[in-house]
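A.B. asks: Attaching a single structure in structure tokens format; questions to follow.
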Amino acid sequence: MRIFIHGVDTYLGKVLVSELRKVDGGFHRVFGTVSQGVEGAPKVVKRIVHRDDPKKAKKMIETLQSCKVIVIDLFSCTLEDLHFAIKALKVDPTQSPPKPTGELEGEVTFVLISSAGVWANTEASQPDGFLKESDWQRRQPIPGSMYEQWKEMEDLVMSCFNREGSTVKALVVAGGALYGEGEDCFSGLFKDAWCGDMKHLILGTGQNRIPTVHSRDLARLVRHVMDNANIVAADTPYFLAVDQPPVGEGEKALPSTQAEIVQGIVDEICDPFQVPSVEEWPEPDTEDPVELSALTPLQATLAMNIRMEPSAHMLDPEFASVSDPPGWHCKEGLLKNIRKIADEFCKERKLRAMRVLLGGPPASGKSTLATHISLHFRVPHHELADSGFESMVEVLSTRVCRYRGYVLDARSMGFAEVERLFRFDIEVPREEGEEPPPADEENGEELQGKQYTRQLHEDICPAFVVVTQAPRGLCEGRYMQSHGKDKADEFRHKMDHYLEANLTDGVHSLSDFFQDVAKSSVMNLPVAGKDDEDLFESTRIYMEREGRPFNYLPTEAEVASEILAKREALRKAENEAAAAGADLEGKGAVQQSETRRQAERMAIISKHLKEHQQLRDTPVREYLMEYMIPSLTEGLIEVCKVMPDNPTDYLAKYLEEYAAASEV
């Protein structure tokens with residue numbers, strides 16, 4: 001069957017394509033229009049049509065007339081769009097009453113998707129205050145709202161097609177406030193919560209009730225009514241799509257309140273805070289009188305206060321039986337499925353939790369690197385204490401860390417510490433038919449203890465692991481400089497602990513845990529000879545190797561511009577310093593230069609002797625980690641960046657140049 005969907009690239013259009021296309025044994029053929037551009041349309045759409053010029057308009061009319069189902073949603077449709085579609089189906093909507101202009105070759109189902117906002121000012125006829133779809137002729141929108149025109153467009157479609165002798169069956173499906181699949185109406189609430197911006201507000205007491213429905217459940221009702229040949233449009237042309245939040249037995253499902261929705265989104269995604277109430281919405285930052293007087297779609301939705309019963313078709317046990325999976329997608333509403341909805345928002349908006357762990361020897365630059373990562377990716381920065389693993393598990397399990405991520409300075413942790421932090425005990429279930437162990441006759445407890453296995457805590461386990469690598473002498477110098485020369489013993493204690501936990505033969509290291517147990521990649525980051533900016537850029541490239549997350553971050557162009565500006569400022573400062581140095585004249589300057597050169601020569605000799613002795617005393621593993629792995633890692637990173645035709649020769653040449661540069 002051929003299906004036409006208006007605006008296949010829109011929020012709701014993409015969901016409609018996904019839900020309406022599948023059929024037992026194959027797929028329906030989908031055609032449609034786009035609102036923004038063909039690049040945003042699902043690839044499965046067979047043809048995108050336009051009415052930009054007479055030739056394209058003629059092709060669009062032919063496409064409309066060839067389809068058995070036409071779906072148009074008022075969220076992305078103008079009155080002109082609707083008139084064009086009606087005229088293509090051989091009815092003149094400008095006449096009063098509308099007049100047929102010809103006959104179609106076959107029967108067509110025309111589905112118009114609308115909103116519960118069209119009912120926002122409707123008084124309930126039932127004592128319990130609920131509105132039913134059978135009340136559709138009494139529906140009334142808020143005066144002055146955009147839904148007044150929506151109601152006129154609904155009436156126009158039904159008057160054009162639902163008449164005697166018409167081969168077009170016109171149906172209207174009105175949904176509650178849409179949520180899910182990346183959000184549309186509630187996107188601002190989810191975005192502010194994800195970013196940690198506490199801009200949320202509740203209007204008045206917040207006790208007004210807002211009917212809602214997942215966009216997939218709305219699309220599934222559209223699918224249900226378009227496939228149901230028993231529906232007579234003249235009798236039942238209107239259908240309501242709202243979800244069913246859980247209630248007590250025998251009670252009707254009440255829509256969630258405004259306060260419950262706003263506070264529920266906040267509590268799930270960001271650090272909980274009590275959302276404040278206001279008597280009226282803040283004025284927008286504009287001087288346009290029209291915009292000043294109009295409510296935003298979100299504000300109009302949050303101001304609704306109606307109770308609606310879902311269509312009887314949605315309560316049918318066979319509802320959406322052909323969908324995958326069958327049945328409702330979120331029958332119990334937004335709040336009951338808030339974790340699922342938040343995950344959908346992150347997936348569709350390309351938001352990734354950037355969970356990062358930094359390991360390495362003391363004073364190797366972990367804290368500075370962690371600060372750069374935290375600021376750039378807007379994630380919290382945590383440091384692991386020598387004890388308190390349980391409290392750190394709680395910290396990493398917070399909502400902010402779950403959705404945005406974190407950067408954890410693991411200090412000198414080894415395999416045992418990260419294993420305690422990122423794994424937990426889980427009871428091994430008994431096999432089917434296995435008898436439970438005998439119980440103690442006195443207290444009834446099992447004589448044999450339960451069996452447990454260790455399981456990875458995937459919700460908090462880091463997705464990126466960076467291990468800094470630096471010579472002992474470099475780390476010691478940095479430590480003395482930042483902590484004082486009297487802290488030599490303290491440094492040696494920390495360094496020995498790190499070496500014992502990570503660079504001792506026969507002992508599993510922090511890197512081993514993530515590579516072998518967590519099955520994660522580990523980046524070894526050489527520190528020597530690099531500044532903070534270089535270290536961060538190498539780490540950023542590693543973290544974005546599978547694509548840059550959206551995460552409301554600066555664009556690649558903005559990042560590149562910032563880096564160039566920093567380098568230009570650094571170059572300018574170096575030039576000024578060089579110019580100032582060139583002004584030094586006289587014997588004092590020459591004498592100082594000679595003294596400095598002599599001191600540098602003595603330092604080189606002393607360093608050479610010390611390194612030579614250190615090499616003789618260094619275990620093989622530590623030797624490789626200090627002198628081989630850093631240069632080899634840098635070479636492999638360079639190969640990945642350049643991707644030469646002969647990577648082996650390129651790597652060999654790089655290592656030769658690296659060795660030559662290191663000797664200078």
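A.B. asks: What pairs from Lys14/Lys169; Lys530/Lys607; Lys14/Lys252; Lys22/Lys519 go past 28 Å between their alpha carbons?
C.D. replies: Where the Cα-Cα span goes over 28 Å, the pairs concerned are Lys14/Lys252; Lys22/Lys519.
A.B. asks: Also: What is the list of residues in region 72-104 whose amide nitrogen lies under 19 Å from a point 7 angstrom out from the Cα of His50, following Cα to Cβ?
C.D. replies: 77-78, 80-82, 84-85
A.B. asks: Going highest first, how would you order 112-125, 452-465 by mean Cβ packing within 10 Å?
C.D. replies: For the peptides 112-125, 452-465, the packing ranking is 112-125, 452-465.
A.B. asks: Let me ask something additional. Along the Cα→Cβ direction, 7 angstrom out, place labels at Val278 and Met643. What is the inter-label distance in nm?
C.D. replies: My value for the distance between the label points is 4.9 nm.
A.B. asks: Let me spell out the model: positive unit charges on the Cβ of Lys and Arg, negative unit charges on the Cβ of Asp and Glu, origin at the Cα centre of region 13-139. What dipole size does that give, in debye rounded to 20?
C.D. replies: 560
A.B. asks: If we sort 476-487, 497-508, 188-199, 236-247 on the protection proxy, mean other Cβ atoms within 10 Å, highest first, what's the order?
C.D. replies: Ranking the peptides 476-487, 497-508, 188-199, 236-247 by packing returns 236-247, 188-199, 497-508, 476-487.
A.B. asks: Taking a 28 Å limit on the Cα-Cα distance, which of the listed pairs Lys350/Lys641; Lys55/Lys350; Lys336/Lys450 fall beyond it?
C.D. replies: Over 28 Å apart, Cα to Cα: Lys55/Lys350; Lys336/Lys450.
A.B. asks: Right, next: Spin-label point model (7 Å from Cα, Cβ direction): what's the Glu556 to Gln451 distance in nm?
C.D. replies: Rounded to a tenth, the inter-label distance reads 5.1 nm.
A.B. asks: Per DSSP helix of 4 or more residues, -39500 (n - 2.57); summed, then divided by the residues of the chain. What does that give at 222 nm, rounded to the nearest 500?
C.D. replies: It lands at -13000 deg cm²/dmol.
A.B. asks: Another one. FRET efficiency for Arg601 and Asp271, Cβ-Cβ distance as r, R0 = 51 Å, nearest 0.05?
C.D. replies: So, using R0 = 51 Å, E works out to roughly 0.35.
A.B. asks: Once amide H atoms are built 1.01 Å from N in the peptide plane, which residues 5 or more positions from Asp92, or in another chain, come under 5 Å H to H?
C.D. replies: Answer set, sorted by chain and number: Lys99, Thr101.
A.B. asks: Solvent-accessible area per residue for the chain at a 1.4 Å probe radius, Å²?
C.D. replies: It amounts to 54 Å² per residue over the chain.
A.B. asks: May I pose another question? Probe radius 1.4 Å, ligands and nucleic acids ignored: give me the carbon and sulfur share of the accessible area of region 185-266 as a rounded percent.
C.D. replies: Ligands and nucleic acids excluded, carbon and sulfur reach 47 percent.
A.B. asks: Let me ask you something else. For an R0 of 22 angstrom, estimate the FRET efficiency from the Cβ-Cβ distance between Asp235 and Glu148 and round to the nearest 0.05.
C.D. replies: The pair Asp235/Glu148 has a calculated efficiency of 0.25.
A.B. asks: Along the Cα-to-Cβ line of Ser631, 7 Å from the Cα, sits a label point; which residues in region 512-539 have backbone N less than 17 Å from it?
C.D. replies: Those under the cut-off are 525-530.
A.B. asks: So, taking all protein chains as they sit and a 1.4 Å probe, how much accessible area belongs to Cys401, in Å² rounded to tens?
C.D. replies: 0
A.B. asks: Additional query: Using modelled amide H (1.01 Å from N, peptide plane; none on Pro or chain starts), what sits under 5 Å from the amide H of Arg355, excluding residues fewer than 5 places away?
C.D. replies: Tyr406, Ala463, Phe464
A.B. asks: Where does helix 79-88 land angle-wise versus the long Cα axis of the chain, in degrees 0 to 90, nearest 10?
C.D. replies: 60
A.B. asks: Under a 5 Å amide H to amide H cut-off, with H placed in plane at 1.01 Å, what residues pair with Asn162 once short-range neighbours are removed?
C.D. replies: The answer is Ala170.
A.B. asks: Quick one, which of [x] 49, 40, 23; [y] 70, 26, 19; [z] 63, 33, 25 is the actual semi-axes √(5λ) of the Cα gyration tensor in Å calculated for this model?
C.D. replies: Calculated semi-axes √(5λ) of the Cα gyration tensor in Å: the matching label is [z].
A.B. asks: Also: So between Glu332 and Leu104, what do we pick up on full extension, going 0.36 nm a residue minus the alpha carbon distance?
C.D. replies: 77.9 nm
A.B. asks: What's the angle, to the nearest 10 degrees (0 to 90), between helix 54-66's Cα axis and the longest principal axis of the chain?
C.D. replies: The answer is roughly 70 degrees.
A.B. asks: Glu39 to Glu500: extension gain in nm, 0.36 nm per residue of separation minus the Cα-Cα distance?
C.D. replies: So the extension gain works out to 160.5 nm.
A.B. asks: Further, regarding this structure: Relative contact order for the chain: what percent, with Cα pairs under 8 Å and sequence separation of 6 or more?
C.D. replies: It rounds to 10 percent for the chain.
A.B. asks: How large is ³J(HN,Hα), in whole Hz, for each residue of region 11-18 in order, when computed from phi with the Karplus curve 6.51 cos²θ - 1.76 cosθ + 1.60 and θ = phi - 60°, using x for Gly and Pro?
C.D. replies: So the Karplus estimates, Gly and Pro as x, are 3, 6, x, 5, 5, 4, 4, 5 Hz.
A.B. asks: Obtain the nm distance between the two label points defined at Leu375 and Glu123 by a simple spin-label model: each point lies 7 Å from its Cα along the Cα-to-C-beta direction.
C.D. replies: Going from the Leu375 label point to the Glu123 one covers 6.2 nm.
A.B. asks: Summarise the accessible area of region 352-392 (1.4 Å probe, protein heavy atoms) by the percent that is carbon and sulfur.
C.D. replies: Carbon-and-sulfur percentage of accessible area, whole number: 51.
A.B. asks: Now, a different point. Fully extended, how many nm does the chain gain between Asn575 and Leu315 (0.36 nm per residue separation, minus their Cα-Cα distance)?
C.D. replies: Contour length minus Cα-Cα distance gives 86.0 nm.
A.B. asks: Note the angle between two axes, namely the Cα long axis of helix 147-161 and the longest principal axis of the Cα atoms of the chain, as a number of degrees from 0 to 90, rounded to the nearest 10.
C.D. replies: Helix 147-161 sits at roughly 50 degrees to that axis.
The values are calculated or read from the model by the stated rules, or taken from the named source; none is laboratory data. These figures come from a predicted structure and were not determined experimentally. All Cβ positions, even for glycine, are placed from backbone atoms using ideal geometry, and neighbour counts span all protein chains on display. When the accessible area is computed, the model is the full protein with side chains, heavy atoms only, and any ligands, DNA or RNA have been set aside. Shrake-Rupley method; radii C 1.70, N 1.55, O 1.52, S 1.80 Å.
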